[in-house]
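The values are calculated or read from the model by the stated rules, or taken from the named source; none is laboratory data. On a predicted model such as this, the values are computed, not experimentally measured, just so you know. As a convention, Cβ positions derive from the backbone with ideal geometry for all residues, glycine included, and neighbour counts pool all protein chains shown. Keep in mind that these areas ignore ligands, DNA and RNA; they rest on the heavy atoms of the full protein, side chains included. Shrake-Rupley method; radii C 1.70, N 1.55, O 1.52, S 1.80 Å.
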Amino acid sequence: YGWRAFAVAIIFTEWPFAIVANTLFVVCFYWTVGLNPLSDRIGYFYISYIVFGLFSLSLGQAIASFVPNDIIAAMVNPIFTAFTTLVCGVTIPYSQMPKFFSAWLYWLSPYMYFIEGLITNDLHGSKVQCHPEELYTFEPPSNMTCNEYAGQWVQSATGYINNPDDSSACKFCPYSVGDEFYRTLSWSFSHRWRNFGILFGFIAFNIAFTMLMIRVYKVNKR
């Protein structure tokens, strides 16, 4: 077989299995954990997860294409995965990230585009209701209700006061809607489809890189 046929075969023959496996995962996972029930949010989660599964598959093939054996591949792959997850904006929010990472490495992490899409897709417009143990308690000055003391501040910040008319043991929830959470990570719901398209770009790069490495390393060793 020619090297092009060989490269295309090893890349795309695994796609049907990956699609079926990821579909089964979404079916078992999505409703079990109680994610957003709106149909368009379910659809976006599904296709994003499928695309990210294909990206992960293509990344593994790209790494395997230039390493000498499967043992070395198993050692190299976690390095790429760990580093890209570290700078994706979850462990360290973009606003708190060192300039060296936020300037360019943050934007090269495929996990950032994937996770931003999923988180904003699920939380956008979702009302937040804190459990009792999640509420922050504070005491207002005497002769003032919780709303009189902190209401104006809450309107300019995030969250809500759970007992605005009480005059003691004020209960504050830091978020009133899901959007307020992911804004602290510098993410936006409007980026969903942009991120979805960028994931295809990462897949295309991995495929091109895999074919190049097969041509350079594997063919010349036959």
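For this structure, a couple of remarks:
- Taking every residue in segment 67-94 that is farther than 14 Å from residue 116 by Cβ and outside any helix (DSSP H, G or I) and pairing it with any residue that is of a type in the set (A, V, I, L, M, F, W, C) and open to solvent by less than 60 Å² (accessible area, probe 1.4 Å), at least 6 positions away or on another chain, the pairs with Cβ-Cβ distances below 7 Å are 67/73; 67/76.
- Matching option when the condition is at pLDDT 95 or above and not charged (D, E, K, R), among 1, 46: 46
- All positions within segment 20-37 that are surrounded by 15 or more Cβ atoms within 10 Å (Cβ to Cβ) and of a type in the set (A, V, I, L, M): 26, 35
- Among the residues making up segment 110-122, those that are among the aliphatic types (A, V, I, L, M) and surrounded by fewer than 22 Cβ atoms within 10 Å (Cβ to Cβ) are 115, 118, 119.
- Applying a threshold of 7 Å to beta carbon distances and a minimum spacing of six or more residues, or different chains, the list of pairs starting in segment 198-218 at a residue that is assigned to a helix (DSSP H, G or I) and ending at one that is surrounded by fewer than 17 Cβ atoms within 10 Å (Cβ to Cβ) reads 214/3; 214/6; 215/3.
- Residue list for segment 1-54, restricted to those being acidic (Asp, Glu) and over 24 Å from residue 84 (Cβ atoms): 40
- Condition check for residue 48: crowded, with 18+ Cβ neighbours inside 10 Å, free of Cβ contacts under 8 Å to residues at least 60 places away in the same chain, part of a helix (DSSP H, G or I) and among the hydroxyl-bearing types (Ser, Thr, Tyr): no
- Single residue of segment 194-222 satisfying the filter (loosely packed, with under 15 Cβ neighbours inside 10 Å and modelled with pLDDT of 90 or more) that is farthest from residue 68 (Cα to Cα): 194
- Condition check for residue 89: on the phi > 0 side of the Ramachandran plot and either loosely packed, with under 14 Cβ neighbours inside 10 Å or not β-branched (Val, Ile, Thr) (or both): yes
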